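Beneath this line is the structure, given in structure tokens, with notes to follow.
The values are calculated or read from the model by the stated rules, or taken from the named source; none is laboratory data. Note that the structure is predicted; figures quoted are calculated from it, not measured. Virtual Cβ from ideal backbone geometry, glycine too; neighbours counted across all protein chains shown. Remember, those area values only see protein heavy atoms, side chains included, never the ligands or the DNA or RNA. Shrake-Rupley method; radii C 1.70, N 1.55, O 1.52, S 1.80 Å.
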Amino acid sequence: MAALLLGALALGAQMFSGGFTARPGMEPYVKAGPRTGAERLEQDLLAAHPPGSNLGPLAELLRQYGFQCEAVRQVTIAESCRFRSRRSDDQVLTATVELGHDGLVVQSIAVRMALSAN
């Protein structure tokens, strides 16, 4: 119980001190900024989940990172997964991962990041 309370206090302090609000797996990408963070995330995702690999572990990793994916009913359309994090008091970073897949196998991964006003 004490650990849970301490964790909540740490998260609250981070949120109200102007720090970023990314989950631990996404911290290095958020800290790197939109261009470099997107490049690194895409490289890391492709290295761990290259085209032809099983989609399940990649989808689970994105959920752990805090991405929310929209269900896609058409195989020819890339699935879009979105992550948002407050980077500072006045900036929000949005990361989008476009997943090309056939429902079972990864076909492509593309990452974009952008900053916007909070």
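Find the residue count for region 87-118, including only residues that are surrounded by 15 or more Cβ atoms within 10 Å (Cβ to Cβ) and more than 23 Å from Pro28 (Cβ to Cβ).
2
Tell me, please, whether a residue that is under 14 Å from the mean Cα position of the chain (by Cα), at pLDDT 90 or above and not β-branched (Val, Ile, Thr) can be found in region 14-24.
Taking every residue of region 14-24 in turn, none turns out to be under 14 Å from the mean Cα position of the chain (by Cα), at pLDDT 90 or above and not β-branched (Val, Ile, Thr).
Count, please, the residues in region 40-64 that happen to be open to solvent by 30 Å² or more (accessible area, probe 1.4 Å), in contact (Cβ under 8 Å) with a residue 12 or more places away in the chain and of a type outside the set (Gly, Ala, Ser).
So the count comes out to 8.
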